[in-house]
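This report concerns only the one structure given below.
Just so you know, all these numbers are worked out from the coordinates, no wet-lab data involved. Computed from a predicted model, the values in this text were never measured in an experiment. Backbone-built Cβ (ideal geometry, glycine too); neighbour counts: all protein chains shown.
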There are 4 protein chains.
Amino acid sequence: MNHMELAGVFAPIPTPFADDDQVDTSRLRAALTRWVARPLTGFIVLGSNGEAALMDDFESDRTIVAARDVVPRGRPFIVGTGRESTQAAIRASKRAAEHGADAVLVRTPGFFKTQMTTEAFVRHYTAVADASPVPVLLYNFTALTGVNLLPAAVSRLSAHPNIVGMKESGGDVAQIADLVSGSAEGFHVLAGTTSTFYAAMCVGATGGILAPACLVPDACMRLFELTRNGHHADAVMLQRQLIPLARLLGPTYGVPGLKAALNVIGYDVGVPRPPLAPLPESAVAQLRDALAQFEETATASANCSSGHLVI
Amino acid sequence: MNHMELAGVFAPIPTPFADDDQVDTSRLRAALTRWVARPLTGFIVLGSNGEAALMDDFESDRTIVAARDVVPRGRPFIVGTGRESTQAAIRASKRAAEHGADAVLVRTPGFFKTQMTTEAFVRHYTAVADASPVPVLLYNFTALTGVNLLPAAVSRLSAHPNIVGMKESGGDVAQIADLVSGSAEGFHVLAGTTSTFYAAMCVGATGGILAPACLVPDACMRLFELTRNGHHADAVMLQRQLIPLARLLGPTYGVPGLKAALNVIGYDVGVPRPPLAPLPESAVAQLRDALAQFEETATASANCSSGHLVI
Amino acid sequence: MNHMELAGVFAPIPTPFADDDQVDTSRLRAALTRWVARPLTGFIVLGSNGEAALMDDFESDRTIVAARDVVPRGRPFIVGTGRESTQAAIRASKRAAEHGADAVLVRTPGFFKTQMTTEAFVRHYTAVADASPVPVLLYNFTALTGVNLLPAAVSRLSAHPNIVGMKESGGDVAQIADLVSGSAEGFHVLAGTTSTFYAAMCVGATGGILAPACLVPDACMRLFELTRNGHHADAVMLQRQLIPLARLLGPTYGVPGLKAALNVIGYDVGVPRPPLAPLPESAVAQLRDALAQFEETATASANCSSGHLVI
Amino acid sequence: MNHMELAGVFAPIPTPFADDDQVDTSRLRAALTRWVARPLTGFIVLGSNGEAALMDDFESDRTIVAARDVVPRGRPFIVGTGRESTQAAIRASKRAAEHGADAVLVRTPGFFKTQMTTEAFVRHYTAVADASPVPVLLYNFTALTGVNLLPAAVSRLSAHPNIVGMKESGGDVAQIADLVSGSAEGFHVLAGTTSTFYAAMCVGATGGILAPACLVPDACMRLFELTRNGHHADAVMLQRQLIPLARLLGPTYGVPGLKAALNVIGYDVGVPRPPLAPLPESAVAQLRDALAQFEETATASANCSSGHLVI
C-alpha cells in the first residue's frame, strides 16, 4: 500500500449481526456497497467499532472475505487484527493479508496492564511487523484498553519499514502533536476522535478513522478536504456542526448508538451483539434529532462561508 | 458441585509454555501432580494467572483435558471461561463442562466499558448461567478489566440457582463485606488478594483464589484453617508474614513474577507468553530473597503463638 | 507527648457552625465535654472532618483554644495544621503548640500535584518538623488530596526525631503493612478507615483516627481493646457490625453525614459550612436506621462470643 | 467590565518571591511593567500560576495593590479569589474589588470531592456572584482540583447577570465546545491550555489565559489575532510551533518551569515558594533549548504563509 493512501477519511464499519446473533454477511455486503459509493478514502473492518472483540476467528475470516469482495482494489481496505498475544496477532494479520487486506490495524494488547511497558509494546509490534505480509498500523485506544502507547514507543516503532502509521483514538490533540513530531518522516498519524478531527489535522494528523464517517461520509470527507486545501473558516464551521453528533455517537452511546443511527437513515446493520444491547427508544430519538439538526445546519452553511470566526 | 466445596484455598495455576511459545501439557501435568499433593482445596485453570487471555480455544481445550486428568474427582476443578461476547462465554463454559470442569469462573466482559452497566452484567451472566451445564462463579477483576461488577449486580445474580459464588480480585475489604452482606444465603465470595485474605475472611469471604497458593500452598491453607478455627493471633502473624511475598507477586511482577518464583523453587512452568516477558534477573533475585525470608519467619513462628498483638 | 499515647482510638471531631455560618465555640465545648467523658484515647481538632479546609486562621485559633480548655491534660490533644505552603504549615504548627496542642497532624500539600514528589514531601515535612515545638504526625489522604505519600517517603521521614507517626486515611491494608514495615521502630501508623480498622491493626497499625469514634466511641474503643488483647473472634464480629455505619459516614455522606448523625443522637454540632450542605432528610433517615441497626446487633452480641468464624 | 474585553489573550502572571520566601512586590512591579508594554489583552494575578494557593490573605492584598498600580485602567485586571468556603471566596472577592480588580476568577472548591455536585457548585457560585461588586469568572481546573465543573452547571450559572465567563483549564476541546454551546449568549469561555488554544477558539472560545503568554506574549497574541481574522493557515503553523514550549511549561514543569524560563529571558521573578522547588539545571537547559527553537522557527515563518497544510 502506497503511503499516500493513508491521507483521508476512513470509515470503521460496523459488523451486522442477524437476530440469531450470527454475522450477517448479506447485510454487510449491502451496507458496504452503499459506503463504497460515497467519497470515502477507505474502509476499516473488524475495528473496535466492528465489534471485533466479540467475534471469533472464523467469523472474522468470513467478514473479511465478504467485505474485500465489495471494496474495489485501489480503495484502502484495512483489517483490525489486534490480539492479546503476539502470536495470535501475527496469525490474524497473516490471515487478513491472505484474504486481501491492504494493511492491518493492530490494537495494543492491554490485559496485563502493569506489564505493558514501552519495551513490551516495541517487542510486540516489531514481531508483528516482521511477520505481517502487509503494512502495519499501530492502534492506541486508551479509553478502552487502559494502556497508553506513548510517543516514546511510537517514535521507535515508526522507524520499522513495515509500520506505516497509527490510529490514535484519544482526543488529546497535544498528544497527537507529540506523536507527529516524534515519529519518522512519512509515518501517518490518523485521528480517531471526530470532535477534534480538525484540530488533529492542524497539528499534523493526515486523516481520520471516524465512526461518524459511516453516517455522514460526505461531511467528514468535506471536512478533510476543506482543511487540506486551507479553507479553514469553512472547515471550522463544519467541525463545529459535527461535534454534537460525534459526541452522541462516541462517548455517549458507542456501538449501539452507531448501529441505531445507521438503521434510522436506512442502512440495515442489525443489532449489537450481546452483552451489548440495542439502544433504548429515547436514545434513538435523541440521535434522530441530532441527525436532523446536523442536516439542517450543514445544508444551510454549505454554500456560504466567511474567512472570519465570530469571536 | 456441593456449595461447601467452595470454602478454602484455591490455586490459580499458571499455564506452562515451551520455548517455542506453545502450551506444554507435559510440564503442566508434572507441576499439577505436585500441587495436587499439597493440602489445597481446589484448582483453577485458565484464570487470569493462567494467561487464558493469551490463548486460543484449541489450546484452552488441551489445557483443560490435561489438567482434569491429573486433578482427582472430589477436588474442585474450576475452569476460567470468561469471554467478551455472551455467546462465546456460553460456548466456552459448555466445552469446559464437557471436558470435566466442576464449575466455571466467568470474568466480566470489559471491552466496551461505558456499556457495561449493571443491566448488561445481569443479562450476560443470566444467559451464561442458564446455559452452563455446571455451576457458575462470577469474577470481578477491576484492575485488569476497567469495569466493576458492583454489589448491586451481584446481589441480583446471587439469586440465580446456577450461580454459586464469585471471585472478587480487588483488595477493598469493605467492598467484600458489601458483597457478602448483599448476596443470597449460601453464595460464596472468594477473595483474590492475598495481602488482605485474612481481613476478607473476617468480613465473610469463605476462601480465596490466591496466586501465592501455587508457591506456598501449605502456608496459604494454614492461614485459612487458623482463621476458620478462630486462632486469630496466629492467623494475623501468618498474614503479616505473607504480605511482602504477596505484594511482589501481585501488583509488582504479575504472571512473570509467579512463573519466575515457581522456577526458583523447582516447579518447571516455563516462560510467560509474549508480549509478556520473563522477569529480569534482578527481580528474580528479589523474589528469591522474599521466598527465603518468608521460609525463615514462617518456620520460626510456626510453633509459637501468643494471643496478643504487639501494639 | 509520649509515643505510647499514640496507640488507641482518636476522635476527629467536627467543628460546629451556627446558623450564621460562624464557628460556634459554645456548641463545641458542650459536645467535646461529652466526648471527653467517653473512653476515647484522644482527640483531633481541625482535621479534614473538622472542616479545617473551610476555616481561616483566626477561626482556627479560637477553635483550638476552646477545645484545649475542655480536653484534660494527659488525653492526647492533636491539632490539624496542614497547609499548602511550607511556611504556612510551620506557622500554623507553632500557633497550635502555643495554644496547647500536644502534637500536630500535617496533611500533605497537594495543589501542585505533579510537583509533589517524594523529594518535595521530604523537604516539606523536614522543615515543618524542624520548626514545630511539638511532635509531628504525617497525614496522607489520597482520596481528597490527589497525591500519595508513599512508603518510601514515610520511611525516610520516620527517622526524624520530631516525626512520631502518621495517619493513613486510605483503606488499602497492604499499603498500611508497607508503611509499618518500612518505618523506624516506634513510628506509629494510625488508620483512618473504620471499615478496615481491625485489618489495619492486624498488619501493625497501632490505632485509628476514626470519624465513627465521634458517634459510637465505646464501640470503636472496644474494637481496639479486643484486638489488642487478642480477642479476635469478638473483634471480628464487632468490626463486621461497624462496617455498614462506617460506609455511610465515610465515602457516602462525608462531613454532612457525620454532623447529621450526631444531631440525631443528641450531640448538637450544627450544620456544615457552605459549599457543603446539610444532608437531605431521606439520607438522615438512612443514617438513623443504620444507627438503630448497629445498636441492636452490638447489644445482642456484646456478651456472647465464640472463637470460631462461620465460614 | 465590558464583556468584549474578555476576548483576547490574558497573562496569568507568577508572583515573585524573594530568597527569604516573602512576596517581592518590587520584582513584581518591574516584571509587570514589561508585560504591560506587550500587546496582551489583560492580566490575571493570584491565579494557579501565581501560586495563590501558597499565599495568605495579607500577601494576596499586597500583591493585588502592587499589580493594580502598574496595570493601566482599560486593560482588564483580573484577580484570582477562589477559596474552599463560600464565605471566604466572597470575602476575597470583595477585597479584590476594593483593591481595584476589574473582575474576579473564582476556582471551584474541591476539597470535599464527593460533595461537589452540580447543586453545590451552583449554590457556591450564585452566592459569590450575588455578593461580588465586580463580575465573576468561573474557573475549572480538574487536573489540580480533582473535581469537574460540568457543562450542566455552567449552563445554569451563565444566566447569572454577574457571571460573565469562565476559564476552562482542561485541554478537552469537545468539552469546550459543549461549554460554549450550552451557555448563555455573551458568556465568554476562555481556554487555559496553550497546546489546544487554536482548536478551542475554533469551537467558540473567545480567548485564553495562557501561561506561555508571560513568556512569548507577542506570539500568543498573534495566534489569537490570526485566528480571529481568519488567517487559519498561519494560525495553524504558529500553533504547531508553540506546542513543544507549551508542553514543557504546562504538564511537565509547571510553575517552577515558568519561573525558570522567565529568568532565562531576563524577567527576574525569583524562585517558587516551598514546597515547590527551583527547576534543576538540566530542565532549565531543556527550556532554554525549546525557547531558542521556538524563536528560530517563529522568526523563519513569520513572513511566509501558504493557505495549504502539508498533509
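Conditions (1) under 21 Å from the mean Cα position of the chain (by Cα); (2) facing chain B (nearest Cβ under 10 Å); (3) under 30 Å from B:Ile90 (Cα atoms); (4) crowded, with 23+ Cβ neighbours inside 10 Å, marked per residue:
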residue	(1), (2), (3), (4)
A:Gln241	yes, no, no, no
A:Ala246	yes, no, no, yes
A:Leu249	yes, no, yes, yes
A:Pro256	yes, yes, yes, no
A:Ala260	yes, no, yes, yes
A:Val271	yes, no, yes, no
A:Glu281	no, no, yes, no
A:Ala285	no, no, no, no
Q: Output yes when any residue across the range D:176-193 is within 13 Å of another protein chain (Cβ to nearest Cβ), crowded, with 24+ Cβ neighbours inside 10 Å, hydroxyl-bearing (Ser, Thr, Tyr) and in contact with a Leu (Cβ under 7 Å, 6 or more places away or on another chain), and no when none is.
A: no
Q: Taking the options B:Ala52, B:Ala31, name whichever one is surrounded by 15 or more Cβ atoms within 10 Å (Cβ to Cβ) and in contact with a Ser or Thr (Cβ under 8 Å, 6 or more places away or on another chain).
A: B:Ala52
**Q.** Residue identified as closer than 20 Å to A:Pro12 by Cβ and over 19 Å from the mean Cα position of the chain (by Cα) among A:Ser169, A:Ser132, A:Ser155
**A.** A:Ser132
Q: Considering each of D:Gly204, D:Gly208, D:Gly266 in turn, give the residue that is at positive phi, of a type outside the set (Asp, Glu) and in contact with a helix residue (DSSP H, G or I) (Cβ under 6 Å, 6 or more places away or on another chain).
A: D:Gly204
Q: Mind telling me which of the residues B:Ala200, B:Ala177 ends up being under 16 Å from the mean Cα position of the chain (by Cα) and not basic (Lys, Arg)?
A: B:Ala200
Q | Single residue of C:Gly146, C:Gly171, C:Gly165 found to be out of contact with any His (no Cβ under 7 Å at 6 or more places or on another chain), crowded, with 17+ Cβ neighbours inside 10 Å and within 25 Å of C:Ser60 (Cα to Cα) | A | C:Gly146
Q | The one condition in (1) closer than 23 Å to C:Pro161 by Cα; (2) in contact with a Gly (Cβ under 7 Å, 6 or more places away or on another chain); (3) part of a strand (DSSP E or B); (4) not polar (S, T, N, Q) that C:Arg75 fails to fulfil | A | (3)
Q) How many residues are more than 9 Å from chain C (Cβ to nearest Cβ), surrounded by fewer than 21 Cβ atoms within 10 Å (Cβ to Cβ) and hydrophobic (A, V, I, L, M, F, W, C) if we restrict to the range D:101-133? A) 2
Q. If B:Ala233 passes every condition in (1) surrounded by fewer than 21 Cβ atoms within 10 Å (Cβ to Cβ); (2) within 16 Å of the chain's Cα centre (by Cα) but one, which one does it miss?
A. (2)
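Each row is one residue, and each column tells you yes or no for (1) more than 21 Å from C:Asp172 (Cβ to Cβ); (2) of a type outside the set (Phe, Trp, Tyr); (3) touching a residue at least 24 places away in the same chain (Cβ under 8 Å); (4) in a helix (DSSP H, G or I).
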position: B:Leu223; (1), (2), (3), (4): no, yes, yes, yes
position: B:Thr227; (1), (2), (3), (4): no, yes, yes, yes
position: B:Gly230; (1), (2), (3), (4): yes, yes, no, no
position: B:Leu242; (1), (2), (3), (4): no, yes, yes, yes
position: B:Leu245; (1), (2), (3), (4): no, yes, yes, yes
position: B:Leu262; (1), (2), (3), (4): yes, yes, yes, yes
Q: Kindly list, by first and then second residue, each pair from a residue in the range B:273-295 that is within 21 Å of B:Ser195 (Cβ to Cβ) to a residue that is surrounded by fewer than 17 Cβ atoms within 10 Å (Cβ to Cβ), limited to pairs with Cβ atoms under 6 Å and residues at least 6 apart or on different chains.
A: B:Arg288/B:Val264
Q: Consider C:Pro217 carefully, then state whether it is surrounded by fewer than 22 Cβ atoms within 10 Å (Cβ to Cβ) and under 30 Å from C:Gln22 (Cα atoms).
A: yes
Q: For residues that are facing another protein chain (nearest Cβ under 10 Å) and either basic (Lys, Arg) or in contact with a Lys or Arg (Cβ under 7 Å, 6 or more places away or on another chain) (or both), tally how many sit in the range A:218-239.
A: 1
Q. Looking at (1) touching a residue at least 24 places away in the same chain (Cβ under 8 Å); (2) crowded, with 23+ Cβ neighbours inside 10 Å; (3) more than 19 Å from C:Asn49 (Cβ to Cβ); (4) within 11 Å of chain B (Cβ to nearest Cβ), can you tell me which one C:Gly207 breaks?
A. (3)
Q. In the range D:105-161, which helices (runs of 4 or more DSSP H) lie fully inside it and hold 2 or more residues that are out of contact with any Lys or Arg (no Cβ under 9 Å at 6 or more places or on another chain) and of a type in the set (A, V, I, L, M)?
A. D:118-131, D:151-157
Q) Which of the residues that make up the range B:91-100 are surrounded by fewer than 24 Cβ atoms within 10 Å (Cβ to Cβ) and among the aliphatic types (A, V, I, L, M)? A) B:Ala97
Q) Which is away from chain B (no Cβ under 14 Å), farther than 13 Å from A:Gly100 by Cα and without any contact (Cβ under 8 Å) to a residue 60 or more places away in the chain, of A:Val65, A:Val36, A:Val45? A) A:Val36
Q. When both residues are 6+ apart or on different chains and their Cβ atoms are under 7 Å apart, which pairs have a first residue that lies in the range A:83-98 and is within 8 Å of another protein chain (Cβ to nearest Cβ), and a second that is in a helix (DSSP H, G or I)?
A. A:Glu84/B:Ala53; A:Glu84/B:Leu54; A:Ser85/B:Leu54; A:Thr86/A:His124; A:Thr86/A:Ala127; A:Thr86/A:Val128
(Q) Looking only at the range C:22-76, count every residue that is under 24 Å from C:Gly257 (Cβ atoms), of a type in the set (Asp, Glu) and out of contact with any Lys or Arg (no Cβ under 6 Å at 6 or more places or on another chain) and tell me the total. (A) 2
Q) For the range C:207-226, what are the residues that are under 23 Å from B:Leu226 (Cβ atoms) and within 19 Å of the chain's Cα centre (by Cα)? A) C:Leu223, C:Phe224, C:Glu225
